[in-house]
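Participant: Can you read through this structure? Questions will come right after.
The values are calculated or read from the model by the stated rules, or taken from the named source; none is laboratory data. Note that the structure is predicted; figures quoted are calculated from it, not measured. Positions of Cβ are generated from backbone atoms using ideal geometry, with glycine treated the same way; all protein chains shown enter the neighbour counts. These accessible areas exclude ligands, DNA and RNA; they are computed on the full protein's heavy atoms, side chains included. Shrake-Rupley method; radii C 1.70, N 1.55, O 1.52, S 1.80 Å.
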Amino acid sequence: MPTELLAADEAGIARAASLLREGALVAFGTETVYGLGADATDARAVAAVFAAKGRPAFNPLICHYPSADAAFADVMPGDLARRLAERFWPGPLTLVLPRRSASPVVPLAAAGLPSLAVRVPAHPLARKLLAAAGRPIAAPSANRSGRVSPTTAAHVLAELDGLIAAILDCGPAIVGLESTVIDLAGPPHAGPRLLRPGGVTSEAIRAMCGPLAAPTRDEAPRGPGMLASHYAPRLPLRRDAGSVSVDEALLAFGPPLRGAGALFQLSGSGDLTEAAARLFAGLHTLDADGVRLGLARIAAMPIPRHGLGQAINDRLRRAAAPRPEEDPPSLRQGDQPP
Ligand code: TXA
Ligand code: MG
């Protein structure tokens, strides 16, 4: 399917908004870089973002809103967050805040984290689109994974033509650098942390926040989707299960193995996009059911290694990895990395 290039007039914005509401992917310009937008309340649309970007892992995405009021319907701002929003929104600042339990944003958008990154972009056309869409729009930079972030519609077209429904041409992005990401969702004593320098200078942020803690080694994103604080189930997880026992909760893909104590089907038909869309819900459900039923572990059936299967396997590998308290002594907190 060829990608529609939409002019940012009333008709173009209306078309882009209706595509987003149908679950299609639409790239749009912001003042920082072009974003690859998807309805953040539609798990399949969010999974399609990861597929189009060719991401090897699920990174948490930023949700975009037309106003601070709209953003704060999905997250819980404290005093400092409200002041930062007042001062820098609309603009190139992203706030990571605890998400509200009533938020309709799907777990995959935040890669299973209990926090959510929210931002109100300054670009007037982006805000019109967000208002017309009428729902949170998850949008990473609109480039293939590992490539440079795009600042024009032509850059986006060069990388994603045929992979996404449309591009709303909002002209060149003027900041050209991604938004500054501040984490306000850590423990109360931790204070604000700078997760990514960007369009708002850290001097400007510090003037309001005081000193900014650098993220600790466990919190710093060490690569795509490498946040150690990513949701990990309480039950141990076993991958590539070829059989299952009654004391295990089965994460199934394709025709399910028989004999498990609990079951969650990622995709009966073996569809990787559907499986990605259901992954975090599946881990949460099996973990809760398994703990309630006294099961020993979660057993995950093999997932193909190609396409979105790469990101799903990456997530399962980290869910199966030893927990921090089980780290070897050389990796305990306070020690220097080798
Ligand atoms: O300027 C921008 O921010 C652009 C435009 C399109 O808005 N978007 C962007 O998105 O750069 P992306 O997905 O390429 O970068 C999102 C950043 C990543 O560094 C990610 O780790 C961090 O935000 N992030 C998102 N949600 C988070 C969360 N809940 N906790 C910690 N970090 C989070
Ligand atoms: Mg990016």
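Participant: On average, how much area does the Cα convex hull of the stretch 237-333 cover when viewed from any direction, in nm²?
Facilitator: Working: hull surface 27.1 nm².
Result: a mean projected hull area of 6.8 nm².
Participant: Quick one: of the DSSP bridges fully inside the stretch 4-209, what percent are antiparallel, nearest 5?
Facilitator: So the antiparallel bridges in the stretch 4-209 amount to around 55 percent.
Participant: Once R0 is set to 30 Å, what does the formula 1/(1 + (r/R0)^6) return for the Cβ-Cβ distance between Ser145 and Ala288, expressed as a FRET efficiency to the nearest 0.05?
Facilitator: On the way: r = 32 Å, r/R0 = 1.06.
Approximately 0.40, to the nearest 0.05.
Participant: What number, rounded to the nearest 500 deg cm²/dmol, is the helix-based mean residue ellipticity at 222 nm of the chain, given -39500 (n - 2.57) per DSSP H run of at least four residues and division by all its residues? Could you put the intermediate results ahead of the total?
Facilitator: Numbers: 9 runs with 98 residues, N = 338.
Result for the chain, helices only: -8500 deg cm²/dmol.
Participant: Pull out the extension gain between Thr201 and Arg83, defined as 0.36 nm times the separation in residues minus the alpha carbon to alpha carbon distance; nm, one decimal.
Facilitator: 40.9 nm
Participant: What ranking, highest mean first, results for peptides 130-141, 307-318 when packing means the other Cβ atoms within 10 Å averaged over each residue?
Facilitator: On the way: 130-141: 22.1, 307-318: 19.5.
Packing order, densest peptide first, comes out as 130-141, 307-318.
Participant: Roughly how big is the chain's charge dipole about its Cα centre, with Cβ charges of +1 (Lys, Arg) and -1 (Asp, Glu), in debye to the nearest 20?
Facilitator: Computed about the Cα centre, the dipole is about 440 debye.
Participant: Now a separate question. Probe of 1.4 angstrom, ligands and nucleic acids ignored: what's the accessible area per residue over the stretch 237-333, in square angstrom?
Facilitator: With all protein chains present, the stretch 237-333 gives 47 Å² per residue.
Participant: Still on this model: Along the stretch 301-316, what does the Karplus equation 6.51 cos²θ - 1.76 cosθ + 1.60 (θ = phi - 60°) give for ³J(HN,Hα), rounded to whole Hz, x for Gly and Pro?
Facilitator: Ordered by residue, 3J(HN,Hα) equals 5, x, 10, x, 8, 9, x, 5, x, 4, 5, 5, 5, 4, 5, 5 Hz.
Participant: With a ≥ b ≥ c the root eigenvalues of the C-alpha gyration tensor of the stretch 1-144, is it rounded (a/c under 1.5), prolate (a/b larger than b/c) or oblate? It would help to have the intermediate numbers written out before the result.
Facilitator: Working: a/c = 1.75, a/b = 1.24, b/c = 1.41.
Judged from the Cα gyration tensor, the stretch 1-144 comes out oblate (a/c at least 1.5, b/c at or above a/b).
Participant: Oh, and also: Could you work out how far the C-alpha centroid of the stretch 123-193 sits from that of the stretch 53-118, in angstrom?
Facilitator: 13 Å
Participant: Assuming a ≥ b ≥ c are the square roots of the Cα gyration tensor eigenvalues, decide whether the chain counts as rounded (a/c under 1.5), prolate (otherwise, with a/b larger than b/c) or oblate.
Facilitator: The shape class here is oblate.
Participant: Of the heavy-atom accessible surface of the chain (probe 1.4 angstrom), what whole percent is carbon and sulfur?
Facilitator: 56 percent
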